[in-house]
1. I'd like the FRET efficiency for residue 41 and residue 135, computed as 1/(1 + (r/R0)^6) with the beta carbon distance as r and R0 of 41 Å, rounded to 0.05.
2. Using bins 5 angstrom wide from zero, how does P(r) for the chain break down, in % of all Cα pairs?
3. Please arrange 163, 142 by counting, for each residue, the other beta carbons lying within 10 Å of its beta carbon, fewest first.
4. Against the longest alpha carbon principal axis of the chain, how many degrees, from 0 to 90 and to the nearest 10, is the axis of helix 55-64 turned?
5. Using alpha carbons only, how many degrees (0 to 90, rounded to 10) separate the axis of helix 12-40 from the longest principal axis of the chain?
6. Show me 104-113, 40-49, 129-138 ranked by packing, highest mean number of other Cβ atoms within 10 Å first.
7. Just the ratio, please: alpha-carbon radius of gyration of segment 23-94 over 2.2 N^0.38 Å, N its number of residues.
8. Any chance you could give the angle, 0 to 90 degrees and rounded to 10, that helix 147-173 forms with the longest Cα principal axis of the chain?
């Protein structure tokens, strides 16, 4: 049995080339989220090593903290303790600072509504955040997802992958629990 590949406006096969952009954007945002989540979870090993606990305990600590910011702050505070050797501290703080810089873009794409035109070629985001000023309130800032923005997302993915490898290097170098 063959699926009906047409729609009221015509043959869907005629629309597929235009939908390529739609799929490209969704794939890239999916890669951003996957890469981010995979890398953020490595904070578990930094928590385990710095707090001198087993992985299971570190997982519970990690999951108890419900924001990326809280997890990064915990790792940074543990790294800043006097018992952490200076070179190790600097390596870990450099990794968490890099991760924090990438968090801004990841948060944007995790906390927005996406809009596409009927062809799937024009895309935009509407941020789901409130911006308070002294006497006004704004919400729902709309931004286009153009080629420059897609390049920015791709660069963020590459940077997050480098951070991932850096954290693994720290975990291995200092024999943190795995």
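Here, each number is a calculation from the coordinates, and none is a lab measurement. Since the model is a prediction, treat every value here as computed from it, not as a measurement. When we count neighbours, we look across all protein chains shown, and the Cβ atoms used for this are built from the backbone with ideal geometry, even at glycine.
1. Computed FRET efficiency for residue 41 and residue 135 comes out at 0.45.
2. Pairs per bin, as whole percents: 1, 7, 14, 15, 14, 11, 10, 9, 7, 5, 3, 2, 1, 0.
3. Fewest-to-most Cβ neighbours within 10 Å comes out as 142, 163.
4. The angle comes out near 60 degrees.
5. Roughly 10 degrees, rounded to the nearest 10.
6. 40-49, 104-113, 129-138
7. 1.28
8. For 147-173 against the chain, the angle is about 30 degrees.
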